[in-house]
1. Roughly how many whole Å is it from the C-alpha centroid of segment 257-317 to that of segment 145-173?
2. Neighbouring Cβ atoms within 10 Å as the yardstick, rank TYR173, TYR329 fewest first.
3. Using only the Cα atoms, work out Rg/Rh for segment 204-337, with Rh taken as the Kirkwood radius, to two decimals.
4. How do HIS18, HIS437 rank when sorted from fewest to most other Cβ atoms within 10 Å of their own Cβ?
5. For GLU204, GLU397, GLU169, what ranking results if the residue with the fewest other Cβ atoms within 10 Å of its Cβ goes first?
6. Please compute one quarter of the surface area of the Cα convex hull for segment 234-298 and express it in square nanometres.
7. On a 18 Å Cα-Cα criterion, which of the cross-link pairs LYS5/LYS305; LYS284/LYS318; LYS16/LYS384; LYS175/LYS384; LYS17/LYS313; LYS188/LYS241 come out too long?
Amino acid sequence: MKSRKELKNKGLKVLKKHYIIFILLCLIAAFLGSEFSNSISITKLEKELVPKSNQVVNKVKDDVSNKVVDTVDKNTSIDAGKKIDRINKEKKKIANKILDNKRGVFAAVANTIDSGSLYLTLVFALKSMVGTSQISIIISIIISLFIFGFYWFFFVNIYKVLLRRMFLEGRVYDKINIKDLLFLVRVKKWFKATRSMARVVLYEFLWGFTIIGGFIKRYSYFLVPYIIAENPDIDGKTAIKLSRSMMYGHKMECFILELSFIGWNILGVLTLGISNLVFADAYKVSVFSEYYTNLRGISKDKNIKNIELLSDKYLYEKADENILNDTYYKSLSNITYKKYKPKNIKEKIEDIFGINLSSKEKEEEYEKNRINELLIKNIDCEAKGKSYPNKLYIIKEKEKRPRFEVVNYLRHYSIPTLILVFFSFSLVGWLWEVFLHLINDGV
């Protein structure tokens, strides 16, 4: 195993090469709540900066929670509605003061959610259908839990895997294809990976009831996101066993490596999380990606059980030029295109406004050229070894229908199509206005 200094030097070198995209990826993780949530610590000062406002908001929310059932049951629906409207108006004023923004669409939505008006609207809508407020509150809670569970299961928890995949690719390649964030969708393994990660969380939760088991198992399962990032076809049980085998005799080593970042953690507290967001979070993931790579090599040498499942060769070294030529260039040798250049005023109008004024045959030729041009551009970096070669991935993609191979948005549209697009977006706009009306007025 390389020393901590060597791991950090290599991790820093990789971070410098992909600084912007790595920082953005970690920032997304922080906002999703997947990881690094403590980095967004500026909100922790809210209680100190606006204590009086927060106390009033909490008091109003508690008042609503305690009185909503009594209000509905003891008064007529008209009186209850008036009281709720009055409470909502007071809470909106308070929320506006906190957000310091009384204008704007999203400010209105945020104020409504913060004040609890949206929740109350849902409760009263359900009450009108089921008849009693108690049942409506229970249903609304169940719906909220279901939505949160779905969001956590399919997005929050799995983002750890996506993040590590991008960092592992960044170790070797000069360019990172942002589309690789959806590599689990491409190989049809999103649901399997989410189940595997959920199993890890369940195991850690159960081990947390023991005195020291939770702490130890955290490091036993430490490599599972990296393992799934390399091969998402591995089931959760096998990934956990493989992580335990790889971490055997290395848990204290991993703990000390993690402890060595304590200086950055202290700086993060002093800078309200800013230093974490702009450097430390990405730096840690980059270093631990190096740690996983080194530990993977050691496990390969020891030939531990199931280590052969980690077989993504080109995640750790670039493919040979001949292999890339056979995979990419020879398969696309028959694909040619002519760069489009408008020759007259009509073609210039078509190019500027995206309107189809030509014959059907000429438009088909134009679209074919555009599709071929985009195809070649999309695989150019992979074919030259600048980014990870997805065509050489250990899990083969299912063949796509040719018509959906490339989303050709830079094309010419007919007049009827443009009219249809106009009315489609008009419908979206109408739904948006109805949604805003529901948020603001509750009806």
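1. 16 Å
2. On the way: TYR173 21, TYR329 14.
Neighbour counts put them in this order, fewest first: TYR329, TYR173.
3. Rg/Rh for segment 204-337 comes to 1.10.
4. HIS437, HIS18
5. Lowest to highest Cβ neighbour count: GLU397, GLU204, GLU169.
6. Quarter of the Cα hull surface area: 5.3 nm².
7. Details: LYS5/LYS305 30 Å; LYS284/LYS318 24 Å; LYS16/LYS384 22 Å; LYS175/LYS384 11 Å; LYS17/LYS313 22 Å; LYS188/LYS241 23 Å.
Going by Cα-Cα distance, LYS5/LYS305; LYS284/LYS318; LYS16/LYS384; LYS17/LYS313; LYS188/LYS241 fall outside the 18 Å limit.
Every read-out reported here was derived from the displayed coordinates using simple, explicitly stated rules and does not represent laboratory data. Quantities reported herein were computed from a predicted structural model and do not represent experimental measurements. Positions of Cβ are backbone-derived with ideal geometry, glycine not excepted, and every protein chain shown enters the neighbour counts.
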